[in-house]
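The values are calculated or read from the model by the stated rules, or taken from the named source; none is laboratory data. Being a predicted model, the structure only gives us computed values, none of them experimental. Calculation scope for accessible area: heavy atoms of the full protein, side chains included, ligands and nucleic acids excluded. Shrake-Rupley method; radii C 1.70, N 1.55, O 1.52, S 1.80 Å.
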Amino acid sequence: MLKMRTAAFIATIIIIPNLTADAGKNYEKEKVCGGLRNVGAKNFKMVVIALYSQKFPNGTLEEVSSVADEMTKLAEECCQDNASPDCYDKGATQISDKSCGKDSPFPKHPGIEQCCTVQGHERRLCLATLRYSSDELPSMMEPMPEEICTQYTKDPSGYAMRYVYESARRHRSIPAGFILNTTQNHVQTAEKCCSPAASTPCFFKERFQQRSSTIFLRFLSNVCNNQVNLKSYQTGLTAYVGGVLKIPFEEALVVSKHFQSGLAKCCLLPQPECVIEEFTSFQKILCKESILGTMSEEFQKCCSKAPLDTLTCVDNLKREPRTSLDMTEVTTAQLCEKNQPNNTDRYLFQIGVKHASVSLPVLTTIQEEIRSTVSACCSAADSTVCLKEKESKLEKTAALLSKTDAFCSQYFKLELPSFKTMVQQEVQGEGAESRGQAWVELATACCSQHSPAQLCQKLTEAIIKHEDDAAA
């Protein structure tokens, strides 16, 4: 069962005014002061570091800490009973003005120049909406116990802040509360295992006990990253659900919509409670008794677990390609029929469930390309003629899924040098060398189930362009 340790400063996650727009009431002194009273200055700073590291993962720890110091100082000064009524507003404005300074110690990010052309409250609102968008950072490498103990014993507080920073910038699309929970667990492990009285396998035992939390964090980060960054996540998710649960389009659509709406509601909130409530509700839909008896034994075992563990268990189930579907397959000629508005979604579903080795970022990007072509035809003066003209393009784009599926299947079987040779032999024609390299890059980054959304979307778009150019 997944255990969520909740110390006071984790249970009360503050909405930092400089980060969020809350129904037009940004910079609410009451929220900040209430948070400061509940968690104390030290933990308040930790929360700010987590939120700002997620918001601007390109910033250094020193830059993020500079913001956290300013916010903590502002709260401490202006939340006193004898503070002037305009203390907080003036201080918040000074912080936003400092962001626009030539030698600002705060994180540098695209878009700040535009915010700095306006003044006062408008500038603060503008800065609040900024969010740095870049490719995902690689996963954190777990240090050796000796390295952890050396760093922790030298500076326990500094070690905790660096861990929050490194973890938050790698999990930028999930509630910060989960980052703080993970940090607390990690620091408690260091405190326990780095003592002279600790046994040799202490770290191993602690990590084993926290394995459910670790697996869930990885799962949550993946699905929230997909939700925030993928253009056609709903479409790909429906095919994914259909593939895992082996259910028809209508049922898969209902399940995927419920899950996706929960992600849309909760992923970018700082509090973890929303995710826990939504996922608990989703487990009841996923494991409802009326269908449980028809599902595989492995699926039923997953449903016997606690709600959050159920989701990670189902996510780990092996996907098999659906060779036959419980539906009449949609042809390209039927995609613009007005009396069948779901035909495009059905078409994308029937393509998606047939390719079990394709990760969601790749699948959704190819589906988005197909949808874009279909939408253009359905808006044309003669959609029938347009679809006929684009039929070859649609088939070639869909064929990229088969090609990705085949390459990913081989990628996990071969050593990398052998895989590269195989790809170069398979990819022939115009621009074969650059196209082959593009396929190798896609496979190495995007064949794993939990592949990075932004990077793989970009690499898949590059493949589509390479293949279109070769066919031109």
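Surface composition of region 62-129: carbon and sulfur atoms hold 49% of the protein heavy-atom accessible area at a 1.4 Å probe. Ligands, DNA and RNA left out, the 1.4 Å accessible surface of region 345-472 is 50% carbon and sulfur atoms.
Only protein atoms count toward the accessible area here, which uses a 1.4 Å probe; on region 208-284, the carbon and sulfur part of that area reaches 57 percent. Normalising the average separation of contacting C-alpha pairs (under 8 angstrom, six or more residues apart) by the number of residues puts the relative contact order of region 308-386 at 31 percent. Heavy-atom accessible surface of residue 30, to the nearest 10 Å², is about 140 Å², with a 1.4 Å probe and all protein chains retained. In degrees, nearest 10, range 0 to 90: what is the angle between the Cα axis of helix 211-229 and the longest Cα principal axis of the chain? On a 0 to 90 degree scale, this one is about 70. Where only DSSP H runs of four or more residues are counted, the chain gives -21500 deg cm²/dmol as its mean residue ellipticity at 222 nm, each run worth -39500 (n - 2.57). Which pairs break 18 Å Cα to Cα here: 45/73; 231/403; 257/396; 318/420? Cα-Cα > 18 Å for 231/403; 257/396; 318/420; rest within.
Using only Cα atoms, find the angle between the long axis of helix 273-286 and the longest principal axis of the chain, and express it within 0 to 90 degrees, rounded to the nearest 10. The answer is roughly 30 degrees. Put simply, the amide H of residue 354, placed in the peptide plane, has neighbours under 5 Å in 322, leaving out anything fewer than 5 places away on its chain.
A straight Cα-to-Cα reach below 15 Å connects residue 108 with the aspartates and glutamates 62, 63, 97, residues fewer than 8 places away in its own chain not being considered.
Relative to the longest principal axis of the Cα atoms of the chain, helix 156-170 runs at roughly 30 degrees. Heavy-atom accessible surface of residue 63, to the nearest 10 Å², is about 40 Å², with a 1.4 Å probe and all protein chains retained.
P(r) tail for the chain, what percent of Cα pairs lie past 44 Å? Across the chain, Cα pairs with separations above 44 Å total 23 percent. Taking all protein chains into account, the per residue accessible area for the chain stands at 49 Å² (1.4 Å probe).
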